[in-house]
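Since the structure comes first, as structure tokens, the remarks are kept for the end.
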Amino acid sequence: MRISVKWLKEYIKFDLSPKELGERLIMTGSEVDEVIEIGEGLDNVVVGRVEEIKAHPNADKLILCSVNVGDESPIQIVCGAPNVYEGAVVAVALPGAKLPGGISIKKAKVRGVESAGMLCSMKELGIGEEHGGIMILSEQMRPGDNLVEALNLRDTILDLEITPNRPDCLSVLGIAREVSAITGNPVQFPTVILKEDQKRIEELTSVEVLDDYLAPRYAARVIKDIKVGPSPAWLQERVRVAGMRPINNIVDITNFVMMEYGQPLHAFDYNKLSENRIVVRRANEGEKILTLDGTERTLSNDMLVIADAEKPVAVGGVMGGADSEVDASTSCILLESANFYAASVRRTARKLGLRTEASARFEKGLPSELVIPAIDRAAQLIRKIAGGKVAKGIYDVWRGAESLKELEVNSNRVNKVLGTNIPKDKMMSILTRLGFEIYDQAECNQTFKVKVPYFRGDVSREADIIEEVARIYGFDKIEATLPRSEGVEVTPSMDLVLQDKVRTILIGCGLDETITYSFINPKAYDLLRLPADDHRRRFIQIGNPLTEEQSVMRTTLIPSLLEVVARNAHRGVEDCHIFEIGATYIPEELPLRELPEERRTLAITLSGHRSEESWDAGKEKVDFFELKGILEVLFEELNVNDYEIVPSKDVIFHPMRQASIIVQGKNIGFIGEMHPDILEGYGLKDRVQALEIELKPLVDFMNRHIAYKGLPRYPAVLRDIAIIADKSILSRRIQELIEKSGGSLIEKVHLFDTYSGAQIPEGKRSLAYSIIYRHKDRTLTDEEINVVHERIMSVLTEELGVEVRK
Amino acid sequence: MREELESIRVQCLNGISSVTIHDDLEKLRVKYLGKKGLLTKVLRGMGKVSPEERPIIGSIANEIRDELEEAIKTRYSYIKEKEKAQRFETEAIDVTMPGRRRSYGKKHPLTLIIDEIKEVFVGLGYEVVEGPEIELDYYNFEALNVPPDHPARDLQDTFYITDDFLLRTQTSPVQIRVMESQSPPVKIIAPGKVYRCDSDVTHSPMFHQIEGLAIGEDITFGDLKGTLTIFSQRLFGKDRGVRFRPHYFPFTEPSAEVDISCMICNGKGCRLCSNTGWIEILGAGMVDPQVFKVVNYDYSKIGGFAFGMGVERIAMLKYGIDDIRLFFENDLRFLEQF
């Protein structure tokens, strides 16, 4: 909402500078988005008259203007605007001017011809939006006069952000009321005395409201014998500073009154209305109207239209129709001031993709009481400016007034909520200045009653009154305190503690955390080569996505991470060790009938080299075991010990390099090397190792009790065992067998070497384990160990058919 | 005999001073002072010396032995030091060469900010909770006093899944879920992802918010100011001015926006703060009675405040990031700066 300080001062006196006024408005709830100084930078801009126009010798589109700027001889200016003519009075920027648009004016040669200044458009002068041609001034103006003085331009515009609960502030009078509350000075409302004609309106027209829910009030006046023409300068200026384009006196007045009162108005050409009457009804399905912006709109039955006897002539509260537009030939108008149901205007405007100054006001809810003062004010101005006779009376169809809301205010309660000691008198004076009527108040009583003014539809409860008192009293005057401690026990959510812990462990392993969008491209599931019945294809779709790439909720994090790997690789970052903790969205049924499960999921991908680049380090690439090692560290740190890694068959992985991760018998995820076809689909050349697990099942392990075990006091004995086994025998099976047959003397078994190739038969591999033996109460003898070691060897041979190398 | 001893002494001392490696010195020691060494050999001839002279020769021999042992020991240390010095010389390294790094990862910058904010509020006794991202229209709007066709819905362009299910546009529905499931007092913060159909340099269709809620018998607007002042100054520095400006939110009354004095120009006015000297970081207010009604809390007995903030916005201000999309591109050269 653009508020001209000059205009505002016509309704209220105040001593604040525009800057101070802006500050005070900010601190009472009207945020100032921008302060625009009109007239700034126009010191060297003067009135000029174009005496003669000649063609430019070197350019077809340019002309040479000889301009009288009050000096003895005219100056020559090169100009390209199409609307200049001999005798035109124009705004001339002389050398030295620095225009608000950023242009500095100097004497210069334009295509080889001297130009001693510039003829300006309104936009270049910062006083309007028009840029089509240069600004043409009244012929009465004297060449050489300073433009700002001549037009009385100097003003400050405050561009205010009005919150949606305060449609009353979308008007100069509304802001004047706020200023009144701030300063204590009274608002001078315009005096409206309207001289009416003898002819009664009922003889000229009728208004029929067929849906008084969508149109609670519709008032019309008829004004005949008007003369449509340009508005006087003062009115044009008002319309312009409000950010609109002057059109003609009638339209300008309706816009002026809308800005002044906050009530949108519309003028129809009376003679263009079929049977000269108004019917307010719902649109017929598919009914069409050509709106004022020149677009044909197709309407639906939930929209309200203003119609004449035959057809719609306006979309109620949104925009008028072109067929009934007021133009130069109009001699009689029907002036509309009405109230429309907010939600319906909002829906209609959205559906038509047409937001106007009118709809922006109606959709926030306006009071029906505003209808009459606004229509009378507009009629008064039309009579004064465009002449004409105002028919007697208003054709007013109103569902009926609602009585003003009455509220009881307890001043103790106000102070308790705010943490203040504001005296009751102070509260009452704040409310009075805001237009509330105080009654039923006794000196000795803490409570009082208020009547809420009709224009404050947002105030209906004590809490709203508290806000009014607080914002005018000043938030900055309320002392900052801390809540008195109530001794609430705070138990951290184990899910969040787990997530934090997983993050800490993984960054310790050298992985970077990523955050990617929760919605992905459905094609990602094709890139993963998932069959049609794969459970991961049961995803939730967004009804109104921004793009196809962000249109379905992910059921796995892997595609998001692969995209990150690909993006980095594309940018030359090849070593990518990353993880993400995020939700996957698993619907119970589709379409959704209850909230889906949001499964906290961890995904890791590794690609590129194992370690950071160094001058002597190996250049090994990451492999499956690099990632499995990270998983082992993670599980160890989370106290998860009851788990298995079991070979699996998932289409997204290399068929021979993948496994399920089983924790306490439950499959919680997978690990593997991504299938080369998938990597190709993402444009990746390097192998990528990937893992995804559900975090929830790990929460229980967080509370595992840790008990200290004494350090060993007797020496350990280390023995190795090397076997040649069939490749199909899993290492885990061999290790378990060693541990089982070794019994309690075995402290630890670990695989320290594997080999296949020369000297090892085809289809077999060599595995070497070291076994640490120890007894907790004494030193073991060689004989004791030999017995166990022999037993292990024979069990391995018998049960697995492996060859033990001696 | 004296001459003999003297000549052994001289020879040996000469030998010692010319020896340069440890093994040669040991050989020299054995040659002169060993069991079969020259000095011992000479002393074996003591029989030929007169009884009067014997003690004198004996003491001379002992003196010489002591002197030689001492000289060998000194030489030994000398050689050892010299060898060490040589070894050091050969082991010289260029300390300016880069170290072999143990790689350490980075938390995402948004995680860092969320952690920092959590720490402040956990310190003030708040519990951290989560809520669903796919929400019911009821929790995201209606229960928060935003019925269908309320103009406030225009401020938040919503992704809908069906008419009833949507991607939450704010973390505020967590307030309702918490109040539905527990009775006052309540002190929670709820970080999480939120979604709006909007995408440019400062808007992302997915971003993060942190919601806060404190409900109790005597909680006042002054408490809201105190709490959020502490928070703002912990995050942005003690010298930051903090300003509470009246605003409108459907689910708080009175409502405020919280500004801090601009960290670039210190309030003088610059591009970052659009010449206002202030930067908005939070929305807040006293919980609206309508919200209490929805969750069956008794407005006449309790009060409370709620607040919400955008994590990306705070991260952008703190780290000087000018494009929100960087957070979600996950370029490692970006991530590894934090």
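The values are calculated or read from the model by the stated rules, or taken from the named source; none is laboratory data. Note that this is a predicted model, so its numbers are computed, not measured. Cβ placement follows ideal geometry from the backbone for every residue including glycine, while neighbour counts extend to all protein chains displayed. Heavy atoms of the whole protein, side chains included, go into the accessibility calculation; ligands, DNA and RNA do not. Shrake-Rupley method; radii C 1.70, N 1.55, O 1.52, S 1.80 Å.
If a residue counts only when it is within 13 Å of chain B (Cβ to nearest Cβ), which helices (runs of 4 or more DSSP H) contained entirely in the range A:325-429 have at least 2 such residues?
A:342-352, A:357-362, A:411-418
Filter the range A:564-580 down to residues that are facing chain B (nearest Cβ under 9 Å) and under 23 Å from A:Leu631 (Cα atoms) and give me whichever is farthest from the chain's Cα centre (by Cα).
Going through the qualifying residues, I end up with A:Asp575.
Select from the range A:498-535 the residues that are touching a helix residue (DSSP H, G or I) at 6+ places or on another chain (Cβ under 7 Å), without any contact (Cβ under 8 Å) to a residue 40 or more places away in the chain and not aromatic (Phe, Trp, Tyr) and list them in ascending order.
A:Asn521, A:Ala524, listed by residue number.
Across the range B:282-318, which residue is farthest from the other protein chains (Cβ to nearest Cβ) among those that are closer than 26 Å to A:Asp33 by Cβ and open to solvent by 10 Å² or more (accessible area, probe 1.4 Å)?
Per the criteria, the residue is B:Leu317.
Is at least one residue of the range A:479-498 open to solvent by less than 10 Å² (accessible area, probe 1.4 Å), within 7 Å of chain B (Cβ to nearest Cβ) and part of a loop (DSSP other than H, G, I, E, B)? Quick ask: steps written out before the conclusion?
In the first step, residues of the range A:479-498 are kept if they are open to solvent by less than 10 Å² (accessible area, probe 1.4 Å); the result is A:498.
Of the ones still in play, those that are also within 7 Å of chain B (Cβ to nearest Cβ) are none.
No.
Checking A:Arg347 against (1) within 27 Å of A:Pro230 (Cα to Cα); (2) modelled with pLDDT under 95, which single condition isn't satisfied?
(1)
Which residue out of A:Asp753, A:Asp777 is open to solvent by 70 Å² or more (accessible area, probe 1.4 Å), more than 23 Å from A:Tyr714 (Cα to Cα) and at pLDDT 90 or above?
Criteria check complete, one pass: A:Asp753.
Of the conditions (1) in a loop (DSSP other than H, G, I, E, B); (2) buried (at least 19 other Cβ atoms within 10 Å of the Cβ); (3) out of contact with any strand residue (DSSP E or B) (no Cβ under 6 Å at 6 or more places or on another chain); (4) more than 10 Å from chain B (Cβ to nearest Cβ), A:Ala532 clears all except one; give me its number.
Every listed condition holds for A:Ala532 apart from (2).
Kindly indicate whether B:Ile176 is outside any loop (DSSP other than H, G, I, E, B) and closer than 28 Å to B:Thr111 by Cβ.
yes
Failed condition for B:Met206, given (1) within 30 Å of B:Asp298 (Cα to Cα); (2) of a type in the set (A, V, I, L, M, F, W, C); (3) surrounded by fewer than 22 Cβ atoms within 10 Å (Cβ to Cβ); (4) at the interface with chain A (Cβ under 7 Å from one of its Cβ atoms), with all others met?
Of (1) within 30 Å of B:Asp298 (Cα to Cα); (2) of a type in the set (A, V, I, L, M, F, W, C); (3) surrounded by fewer than 22 Cβ atoms within 10 Å (Cβ to Cβ); (4) at the interface with chain A (Cβ under 7 Å from one of its Cβ atoms), only one is false for B:Met206: (1).
How many residues are surrounded by 12 or more Cβ atoms within 10 Å (Cβ to Cβ) and not in a helix (DSSP H, G or I) when one looks only at the range B:38-67?
Number satisfying all stated conditions: 1.
Tell me whether the range B:143-163 contains one or more residues that are closer than 30 Å to B:Arg333 by Cβ and aliphatic (A, V, I, L, M).
The answer is no; no qualifying residue exists.
Would you check if there is a residue in the range B:232-247 being modelled with pLDDT of 95 or more, buried (at least 20 other Cβ atoms within 10 Å of the Cβ), closer than 18 Å to B:Met286 by Cβ and more than 9 Å from chain A (Cβ to nearest Cβ)?
no
Taking the conditions exactly as written (within 13 Å of chain A (Cβ to nearest Cβ), of a type in the set (S, T, N, Q), at negative phi and open to solvent by 60 Å² or more (accessible area, probe 1.4 Å)), does B:Ser274 satisfy them or not?
Spelling it out, it is not the case that B:Ser274 is within 13 Å of chain A (Cβ to nearest Cβ), of a type in the set (S, T, N, Q), at negative phi and open to solvent by 60 Å² or more (accessible area, probe 1.4 Å).
Look through A:Ser331, A:Ser429, A:Ser324 and report the one residue that is in contact with a Phe, Trp or Tyr (Cβ under 7 Å, 6 or more places away or on another chain) and either surrounded by fewer than 19 Cβ atoms within 10 Å (Cβ to Cβ) or modelled with pLDDT of 95 or more (or both).
Only one candidate passes the filter, namely A:Ser324.
Answer yes if at least one residue in the range B:90-101 is more than 14 Å from chain A (Cβ to nearest Cβ), surrounded by fewer than 11 Cβ atoms within 10 Å (Cβ to Cβ) and outside any helix (DSSP H, G or I), and no otherwise.
yes
Do we have any residue at all in the range B:111-129 that's aliphatic (A, V, I, L, M), crowded, with 16+ Cβ neighbours inside 10 Å, within 8 Å of another protein chain (Cβ to nearest Cβ) and in a helix (DSSP H, G or I)?
no
Looking at B:Glu180, B:Glu211 in this structure, which one is open to solvent by 10 Å² or more (accessible area, probe 1.4 Å), away from chain A (no Cβ under 11 Å) and not aromatic (Phe, Trp, Tyr)?
Result: B:Glu180 is the single residue among B:Glu180, B:Glu211 that is open to solvent by 10 Å² or more (accessible area, probe 1.4 Å), away from chain A (no Cβ under 11 Å) and not aromatic (Phe, Trp, Tyr).
Being more than 7 Å from every other protein chain (Cβ to nearest Cβ), more than 29 Å from the chain's Cα centre (by Cα) and within 28 Å of A:Phe519 (Cβ to Cβ) is the requirement here; does A:Thr601 meet it?
no
Might you let me know whether the range A:542-557 holds any residue that is more than 8 Å from chain B (Cβ to nearest Cβ), open to solvent by less than 60 Å² (accessible area, probe 1.4 Å) and within 20 Å of A:Pro676 (Cβ to Cβ)?
yes
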